[in-house]
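Asker: Once you've had a glance at the structure underneath, I'll fire off some questions.
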Amino acid sequence: MSPQLTLQTPLELAPAEVPHYLEQLWSPEQQGSTGTGANTFCLLIWQPAWAEQQLIRSGRLSGPITGEQSAPLIAAGRQAVLDADLPLSTPPLDGAVVKAVADLEGQANAEDLRGQYIDPALSALMPRRLITLAPTIDAAQPLETLVAAYCPLPEEGGGTAACGDVVVLRGGHGALHEGLSILDPLLPESMPAWVWWNGCIDEAPELMQRLTSAPRRLIIDTALGDPHQCLELLRCRVESGQAVNDLNWLRLRSWRETLAMVFDPPQRRDALSHITRLDIDVEGHHPAQGLLLAAWIADRLGWTLLSTAAVENGTTAQFKRSDGTEVNFQLMAVPTAQPNVHAGQMVGLRLIAEPENGQGVCVILCAESGGCMRLEGGGMANLELHEEVVPVQHDTPEMDVARLLGGGHDSTNPLLAAAAPLAARLLS
């Protein structure tokens, strides 16, 4: 199903008029024309879409601006990587791509539908209110405030959908800061409020702090932004007790499940107590996802971190098992010809277990999109080898967010809560 537009043409109002207008919209006298207002949740989205805006402005991509990761957008980003002579391992929507395209000439205009272009995965959850903050590449653009009623398309077979509304705040950074005062009355305490920071974690830190304070529940992506700041922010929010979810962690689900299945047979479980080495390969130079997986393994197996160090193209660390034996860990950044749209995605994992009495075991997991030849080397002829291919997930960010929202969690995933502080320490 294609993303849906709002039920009516958005109405532009002065910011001060928005709360009263929405209150009147859902009054008993008006509900006959707009449907029943949903009593579900509110979702506030920071949606800069810098790459899309610059690619459209420079004439490399057709509009409208939607804020979604469409196939044409990704293709245009990959072409920009080649034309700008950036490293081939650069993700197609990376900040380096945005910077390179921003230097190109062009003043093409396109309709901006951010906040009005609603993904069906999100609309199926019938949110009461979708608020989109849409910063523009023109820093001087004044604030525009748009509102509209919205009803999800009814499922086949009929039925009445609970409706909601959308609010869009669009303008330059300064204008958006001025417009934040209207948000509090638009996020009633009677409903849970989620904030999806759909951009780099290290951009607009003051605005992020204002938007994402507890008790609002936070959704971030630690694949976006400086790895140190990504993991540090995740650690701080987890340790503060705020409910936080990480899309980068969510993408590790198939890796965690595959690894658990490898050690599910009873005859192989004992090997978990004799692991001596852990190697992880990730795409490019963004280690956050690989470090989160390493931290999850270490936490589940009761390892203690002894030391960590940065090396060329990676990170090394030493852990101590509960029996006092050391475990060596290395994360390596490997080049890829066509990297994932999300920076630093997993390429491969190797675990080596060496019991004192009995044959050693080597477990290698490989991504469908890459090989594990580097991990298969290293004189393992005397080890029992197990290899598995991890299926690649092709979910959009909107689908991942919808999965989180559908779970209705009011706290951080306990596995992520345990892994995040350790992952931050591994990079420090």
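The values are calculated or read from the model by the stated rules, or taken from the named source; none is laboratory data. Small disclaimer: the values here were computed from a predicted structure and weren't measured. Every residue, glycine among them, receives a Cβ derived from its backbone with ideal geometry; neighbour counts consider all protein chains shown. Side chains are part of the model used for accessible areas, which takes the heavy atoms of the whole protein and leaves out ligands, DNA and RNA. Shrake-Rupley method; radii C 1.70, N 1.55, O 1.52, S 1.80 Å.
Asker: Could you check the stretch 79-118 and list, in sequence order, the residues that are outside any loop (DSSP other than H, G, I, E, B), within 20 Å of THR136 (Cα to Cα) and of a type outside the set (D, E, K, R)? Lay out the reasoning, then the answer.
Answerer: We begin by selecting, within the stretch 79-118, every residue outside any loop (DSSP other than H, G, I, E, B); these are 79-83, 95-102, 112, 118.
Subset that is within 20 Å of THR136 (Cα to Cα): 95-102, 112, 118.
Correct list: GLY95, ALA96, VAL97, VAL98, ALA100, VAL101, ALA102, ILE118.
Asker: Here's another thing I want to ask about it. Consider ARG403 against the criteria (1) in a helix (DSSP H, G or I); (2) closer than 25 Å to PRO91 by Cα; (3) touching a Leu at 6+ places or on another chain (Cβ under 6 Å): it satisfies all of them except one. Which criterion is unmet?
Answerer: For ARG403, the failing item is (3).
Asker: In addition: Taking the stretch 340-370 as the region of interest, how many residues are open to solvent by 50 Å² or more (accessible area, probe 1.4 Å) and either under 19 Å from PHE319 (Cα atoms) or among the small types (Gly, Ala, Ser) (or both)?
Answerer: 4
Asker: If only one of LEU104, LEU88, LEU82, LEU61 is over 30 Å from ARG217 (Cβ atoms), in contact (Cβ under 8 Å) with a residue 60 or more places away in the chain and among the hydrophobic types (A, V, I, L, M, F, W, C), which one is it? Even if it seems obvious, please write down each step before you answer.
Answerer: Values: LEU104 fails: in contact (Cβ under 8 Å) with a residue 60 or more places away in the chain; LEU82 fails: in contact (Cβ under 8 Å) with a residue 60 or more places away in the chain; LEU61 fails: in contact (Cβ under 8 Å) with a residue 60 or more places away in the chain.
Sole residue among the options that is over 30 Å from ARG217 (Cβ atoms), in contact (Cβ under 8 Å) with a residue 60 or more places away in the chain and among the hydrophobic types (A, V, I, L, M, F, W, C): LEU88.
For (1) farther than 23 Å from LEU169 by Cα; (2) out of contact with any helix residue (DSSP H, G or I) (no Cβ under 8 Å at 6 or more places or on another chain); (3) not charged (D, E, K, R), each residue gets a yes or a no:
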site: CYS42; (1), (2), (3): no, no, yes
site: ALA49; (1), (2), (3): no, yes, yes
site: GLU52; (1), (2), (3): no, no, no
site: ARG60; (1), (2), (3): yes, no, no
site: GLN69; (1), (2), (3): no, no, yes
site: VAL98; (1), (2), (3): no, no, yes
site: VAL101; (1), (2), (3): yes, no, yes
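Asker: Still on this model: For ALA38, which of the numbered conditions (1) touching a Ser or Thr at 6+ places or on another chain (Cβ under 9 Å); (2) farther than 23 Å from SER181 by Cα fails to hold?
Answerer: Going through (1) touching a Ser or Thr at 6+ places or on another chain (Cβ under 9 Å); (2) farther than 23 Å from SER181 by Cα one by one, ALA38 breaks only (1).
Asker: Also, quick follow-up: As an exercise: evaluate VAL147 against (1) at pLDDT 90 or above; (2) within 27 Å of LEU55 (Cβ to Cβ) and give the number of the one condition it does not meet.
Answerer: Evaluating VAL147 over (1) at pLDDT 90 or above; (2) within 27 Å of LEU55 (Cβ to Cβ) leaves (2) as the failure.
Asker: Starting from residues that are farther than 15 Å from LEU278 by Cα and crowded, with 18+ Cβ neighbours inside 10 Å, keep the ones in the stretch 371-404 and report whichever is modelled with the lowest pLDDT.
Answerer: Per the stated criteria, the residue is LEU404.
Asker: Could you list, in sequence order, all residues of the stretch 245-267 that are open to solvent by 50 Å² or more (accessible area, probe 1.4 Å) and of a type in the set (Lys, Arg)?
Answerer: If the condition is that a residue be open to solvent by 50 Å² or more (accessible area, probe 1.4 Å) and of a type in the set (Lys, Arg), then ARG253 is the only one that fits.
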